[in-house]
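This report concerns only the one structure given below.
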Amino acid sequence: MPQPHSHSTSHNTAGPGGHTGAGTNGVAVSGPDPGPGAGPGDGQPVVLDRRDGPHGEVVLRQHGQLLQIIANGTFLMDTSDGRSERLLVRAALEELRRGPHRGLRREPPRLLVGGLGVGFSLAEAADEPAWGRITVVEREQAVIDWHRQDGPLSRLSGRALRDPRTEIVHADLLDHLGRDAVRTQPFDVLCLDIDNGPDWTVTDGNGTLYSSGGLAACRASLAPGGVLAVWSAQASPTFEEALRNAGFKRVRTDEIPVARGVPDVVHFATKPA
């Protein structure tokens, strides 16, 4: 496993049975989780909320100006940057525009984001007027609540949540992809930022999404010419092969420079006509 890096909120919280959220690095938090009495003045994070849910414990902390999401003692993401999350959505739209069906679409493209996280991906999508429907699937109710009006994360996502194109769905991602409504009104782009990558899942159960069955569900949820974009902390040649075996075309991997360490990557794949 490579040295973890700060992805700053990346992997979001929509798991297919996966982790609660999207993380910077999936590094276990050292030392005990500080209680509500701790404060940023002495260098200690402050616990703003702590929830026990069907997938374990989820904690929202504030450390100075940063907000952090912790799941089952594992640091997942923070609000320090957001470039990778924004680039994931932006690059997926560019890939769609370069695809074989460019110029043939009569309606604005529909976007599905796997995981709400701290809201950078949603904010990027709402900043782009070209998108039509914007759906974010999030399995942790606590994360959704933190984004609601006056919630701690609403300063990042509040405007995007008020956008009439935005829909937040509280569900497991694979369960949602299997719904009839998704099959009858498929998406043009599916952005996944659920783990540190196909080969580096936060929980063992997340591997289902990158299996042949999970990729088949992703493919079925896309319209012909639709784009699947998967963020990863490292390139995965075996995942490229899995995408091709699942029937995707135009499979490629783009590097995203980071402040330190090896580059992040985005895996792209297109559903053929």
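Which residue out of Val58, Val47 is at pLDDT 80 or above, open to solvent by less than 30 Å² (accessible area, probe 1.4 Å) and over 23 Å from Ile194 (Cα atoms)?
Working: Val58 fails: over 23 Å from Ile194 (Cα atoms).
Going through Val58, Val47 in turn, just one is at pLDDT 80 or above, open to solvent by less than 30 Å² (accessible area, probe 1.4 Å) and over 23 Å from Ile194 (Cα atoms): Val47.
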Among the residues of region 254-273, which ones are small (Gly, Ala, Ser) and farther than 13 Å from Ser84 by Cβ?
Ala269, Ala273
State whether one or more residues within region 242-250 are hydrophobic (A, V, I, L, M, F, W, C) and either part of a strand (DSSP E or B) or at positive phi (or both).
no
Evaluation of Thr238 against (1) among the β-branched types (Val, Ile, Thr); (2) at pLDDT 95 or above; (3) in a helix (DSSP H, G or I) (one fails), failing number:
(2)
Among helices (runs of 4 or more DSSP H) lying entirely in region 131-196, which contain 3 or more residues that are of a type in the set (Lys, Arg)?
154-162
Pairs with Cβ under 7 Å, 6+ apart, first in region 76-97 and within 25 Å of Arg155 (Cβ to Cβ) and of a type in the set (Val, Ile, Thr), second assigned to a helix (DSSP H, G or I) and open to solvent by less than 20 Å² (accessible area, probe 1.4 Å)
Val89/Ser121; Val89/Ala125
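Going residue by residue through region 126-141, is there one that turns out to be under 18 Å from the mean Cα position of the chain (by Cα) and farther than 21 Å from Val189 by Cβ? Quick ask: steps written out before the conclusion?
Our first condition is that a residue be under 18 Å from the mean Cα position of the chain (by Cα); within region 126-141, this holds for 126-128, 131, 133-141.
Those left that are additionally farther than 21 Å from Val189 by Cβ: 140-141.
Yes; the residues of region 126-141 include at least one that is under 18 Å from the mean Cα position of the chain (by Cα) and farther than 21 Å from Val189 by Cβ.
Have a look at Leu87, Leu104, Leu76 and point out the one that is at pLDDT 90 or above and touching a strand residue (DSSP E or B) at 6+ places or on another chain (Cβ under 9 Å). Reasoning before the result, please.
Values: Leu104 fails: at pLDDT 90 or above; Leu76 fails: at pLDDT 90 or above.
It is Leu87.
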Can you pull out the residues in region 172-187 that are modelled with pLDDT of 90 or more and open to solvent by less than 10 Å² (accessible area, probe 1.4 Å)?
Leu173, Leu177, Phe187
Residues of region 147-167 being open to solvent by less than 40 Å² (accessible area, probe 1.4 Å) and either among the charged types (D, E, K, R) or under 19 Å from Ile134 (Cα atoms) (or both), which ones?
His147, Leu153, Ser154, Ser157, Gly158, Ala160, Asp163, Thr166
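Would you call Gly207 modelled with pLDDT under 90, open to solvent by 10 Å² or more (accessible area, probe 1.4 Å) and part of a helix (DSSP H, G or I)? Explain how you work it out, then say what you get.
On the way: modelled with pLDDT under 90: yes; open to solvent by 10 Å² or more (accessible area, probe 1.4 Å): yes; part of a helix (DSSP H, G or I): yes.
Judged against the criteria, Gly207 is a match.
Do we have Arg244 as modelled with pLDDT of 95 or more, surrounded by fewer than 21 Cβ atoms within 10 Å (Cβ to Cβ) and in contact with a strand residue (DSSP E or B) (Cβ under 6 Å, 6 or more places away or on another chain) here? Steps first, answer last, please.
Details: modelled with pLDDT of 95 or more: yes; surrounded by fewer than 21 Cβ atoms within 10 Å (Cβ to Cβ): yes; in contact with a strand residue (DSSP E or B) (Cβ under 6 Å, 6 or more places away or on another chain): yes.
Against the criterion (modelled with pLDDT of 95 or more, surrounded by fewer than 21 Cβ atoms within 10 Å (Cβ to Cβ) and in contact with a strand residue (DSSP E or B) (Cβ under 6 Å, 6 or more places away or on another chain)), Arg244 qualifies.
The values are calculated or read from the model by the stated rules, or taken from the named source; none is laboratory data. Small disclaimer: the values here were computed from a predicted structure and weren't measured. As a convention, Cβ positions derive from the backbone with ideal geometry for all residues, glycine included, and neighbour counts pool all protein chains shown. Quick note on the areas: whole protein, heavy atoms, side chains included, nothing else; ligands and nucleic acids left out. Shrake-Rupley method; radii C 1.70, N 1.55, O 1.52, S 1.80 Å.
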